[in-house]
Amino acid sequence: MPAVVVVGAQWGDEAKGKVVDLLSQRADVAVRFNGGPNAGHRVLFGGQVFAQHLVPSGIFNPRAVCVIADGVVIEPLELIGEIDGLASRGIDVSNLKLSPNAHLVLECHRQQDRLEEARRGAFKIGTTGRGVGPAYADKAARTGLRVGDLVDPERFTDRFRHFMAEKNELLTKVFGAEPLDVEGLLQQYLAAGERLRSFVADTREIVIRAVETNQRVVFEGAQGMLLDIDYGTYPFVTSSHPVAGGACLGTGIGPRSISRVVGVVKAYTTRVGDGPFPTELLCETGDRIRKQGNEYGTTTGRPRRCGWLDTVLLRFSAKANSLDGLSVMSLDVLTGLPTVKVAVAYMLDGRKTTNMPSDHSLLARAEPIYEEFPGWTQDITGARQWRDLPHNARSYVKRVSELVGVSLDLISIGPDREQTLVLRDPMTGTEEPIQAAA
């Protein structure tokens, strides 16, 4: 049975939640392996929209065990809010499992995140302000608090007071901010620990055993390849590893346990926050794509920067993640444009290159070289088979697949779960009848 990793092949926000939701309908275990409350996953089915930040998208399959693994950072109060929100809408959350080794995002991290970003001025990164970067920094510095601490009241009380003494010094003496109420926060977090204790489990054993017994496992990454702390457009990146290898780092499985990697990509490109973006459209076309695609952050509500698809970046992403299949999302958003463009190379300092530069700061000077395609005007949101798509739409996605060098698995032609054309089974890579996913 397969163990499939779903990764964002761009700068995040590629609609991974929809792909994970589709795969999780057949999964035994669904695992979130990185990131924190800075991530947003939106799933639409049955006329309802669900948006989560921490709970895996696999939660909508009541038969699947849903794991928040070691590599994730947890804001405990927000996690409780998500759990309660799902339960109030009739979603069974009893199969949710939380790693005791997942680190905590606390109020001091949120404060630190916002203060640091404000202090950077012109050098700001464009963080979400949700405290994720400082929480990962404390994890690397070996000073952070974890879920296992939170559910042990005595241990947490001692460690939290010591931890907050240092954090309040930082807030007051470095940033000139007011100190946080340690005892008030302590009581909130102790209550949160009581609520979350029943969800805590040995998630490493759950995931490893699932793989060893040939169960169907779906690994869900947050953000996207180009935001990876090592391989993304540093410093405009996240603080974890959204790449396929992050599924091993964040869960405890070995690399040979992964049977397939599915890359999720929009039919165009978006980015939230600052950083280089060679194909960005600062014009009416970019505004149209944003409006048509409802391109506003699930987490922050910020308008996303929009541009043409960039296959130079996607080829790098395909290699770094060993992509086996490509899911092209939001194809319907391009309907009505007279022409559609795809970046196939760059002019960089007077030379043509088809590769992403290893010094990612050079992307700010890269001038995209485009292939241009005729657009289509037909509404494609009701398509249920490959042949239902207009010729120009089929030609476009075929060419994208050729340029990236990865075969197509799925094509999304609308936000709903059923608005998905399946060309190959993303779980196995086998040919499937080209039809809408159930």
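The values are calculated or read from the model by the stated rules, or taken from the named source; none is laboratory data. Quick caveat: nothing in here was measured; it's all calculated off a predicted structure. When we count neighbours, we look across all protein chains shown, and the Cβ atoms used for this are built from the backbone with ideal geometry, even at glycine. To get the accessible areas, we keep the full protein, side chains included, count just its heavy atoms, and leave off ligands, DNA and RNA. Shrake-Rupley method; radii C 1.70, N 1.55, O 1.52, S 1.80 Å.
For segment 329-394, the Kirkwood estimate of the hydrodynamic radius, built from every pair of different alpha carbons, is 14.1 Å.
Under the shape rule built on the C-alpha gyration tensor, where the axes satisfy a ≥ b ≥ c, segment 1-83 is rounded, since a/c falls short of 1.5. Computed extension gain for residue 430 through residue 140, at 0.36 nm per residue and net of the alpha carbon distance, reaches 100.3 nm.
In square nanometres and to one decimal, what's the mean projected area of the convex hull around the Cα atoms of segment 217-257?
2.8 nm²
The residues of the chain expose, per residue, 40 Å² of accessible area to a 1.4 Å probe. Comparing 250, 133, 293 in a Gaussian network model of the chain (Cα springs below 10 Å), the most mobile by mean-square fluctuation is 293. Under a Gaussian network description of the chain, with springs only between Cα atoms under 10 Å, the residue in 275, 17, 90 that fluctuates furthest is 90.
Mean residue ellipticity, 222 nm, helices only, the chain: the sum of -39500 (n - 2.57) across DSSP H runs of n ≥ 4, divided by residue count and rounded to 500, is -9000 deg cm²/dmol.
Taken along the Cα-to-beta-carbon direction at a fixed 7 Å, the label points for residue 87 and residue 187 span 2.3 nm. On the basis of the beta-carbon distance and an R0 of 56 Å, residue 157 and residue 359 show a calculated FRET efficiency of 0.75. Any idea what log10 I(q)/I(0) is at q = 0.11, 0.15, 0.19 Å⁻¹ for segment 362-438, Debye with uniform C-alpha scatterers and no solvent? Treating every Cα as an identical point scatterer, log10 I(q)/I(0) equals -0.35, -0.61, -0.86.
Can you give the charge dipole size of the chain about its Cα centre, rounded to the nearest 20 debye, using +1 on the beta carbon of Lys and Arg and -1 on the beta carbon of Asp and Glu?
Once rounded to the nearest 20, the dipole reads 600 debye.
Note on residue 352 and residue 418: the model spin-label points, each 7 Å out from Cα along the C-beta direction, lie 4.7 nm apart. Computed from backbone phi, the HN-Hα couplings of segment 365-380 come to 9, 6, 10, x, 9, 10, 9, 10, 10, x, x, 9, 10, 5, 5, 9 Hz, rounded to whole numbers (Karplus: 6.51 cos²θ - 1.76 cosθ + 1.60, θ = phi - 60°; Gly and Pro given as x). Angle check, please: helix 107-120 long axis (alpha carbons) against the longest principal axis of the chain (alpha carbons), in degrees 0 to 90, nearest 10. Tilt relative to the chain: about 60 degrees.
For residue 395 and residue 173, compute 0.36 nm times the residue count separating them, minus their Cα-Cα distance, and round to one decimal in nm.
73.9 nm
Rg and Dmax over the alpha-carbon atoms of segment 188-345 stand at 18.8, 58 Å. Looking at the chain as a GNM with Cα springs under 10 Å, which of 268, 136, 370 has the largest mean-square fluctuation? Looking only at 268, 136, 370, the largest GNM fluctuation is found for 370.
With a simple spin-label model that places each label point 7 Å from the Cα along the Cα-to-Cβ direction, the separation between residue 282 and residue 234 comes to 2.7 nm.
Work out how much length residue 197 to residue 45 would gain on full extension: take 0.36 nm times their residue separation and subtract the Cα-Cα distance, in nm to one decimal.
51.7 nm
Quotient of the Cα radius of gyration of segment 51-121 and 2.2 N^0.38 Å, N being its number of residues: 1.31. Take the Cβ atoms of residue 63 and residue 378, set R0 to 45 Å, and the FRET efficiency comes out at 0.75. How would segment 46-85 be classified by its alpha-carbon gyration tensor: rounded, prolate or oblate, with rounded meaning a/c under 1.5 and the a/b versus b/c comparison settling the rest? Because a/c hits 1.5 or more and a/b fails to exceed b/c, segment 46-85 counts as oblate. 5 Å is the cut-off here: which amide hydrogens, built 1.01 Å from N in the peptide plane, fall below it relative to residue 423, excluding neighbours closer than 5 in sequence? For residue 423, the qualifying residues are 410, 411.
Each residue of segment 268-275 was assigned a 3J(HN,Hα) from its phi angle through the Karplus curve 6.51 cos²θ - 1.76 cosθ + 1.60 (θ = phi - 60°); the sequence is 9, 10, 9, 8, 10, x, 7, x Hz, with glycine and proline shown as x.
Derived from the Cα gyration tensor, the three semi-axes of the equivalent ellipsoid of the chain are 36, 26, 19 Å, largest first. Here the relative contact order of segment 1-137, from alpha carbon pairs under 8 Å that lie six or more residues apart, stands at 21 percent.
Coordinate range of the alpha-carbon atoms in segment 197-272 per principal axis, descending: 38, 29, 21 Å. Which residues does a label at residue 118 reach in segment 167-200, if reach means a backbone N under 17 Å from a point 7 Å past the Cα toward the Cβ? Counting backbone N atoms under 17 Å from the label point, the list is 168-181. When only Cα pairs below 8 angstrom with a gap of at least 6 residues are kept, segment 297-417 shows a relative contact order of 36 percent. Among 232, 245, 214, which residue has its Cα furthest toward the positive end of the charge dipole of segment 192-246, with +1 on Lys/Arg Cβ and -1 on Asp/Glu Cβ? Of 232, 245, 214, it is 214. Take every Cα pair under 8 Å whose residues are at least 6 apart in sequence, average their separation, divide by the length of the chain, and the relative contact order is 19 percent. Taking every Cα-Cα distance in segment 125-275 and sorting them into 10 Å bins starting at zero, the pair-distance distribution P(r) comes out as 9, 27, 31, 25, 7, 0 percent. Dipole of segment 34-107 computed with +1 at Lys/Arg Cβ and -1 at Asp/Glu Cβ about the Cα centre; of 66, 45, 86, farthest Cα towards the positive end is 45.
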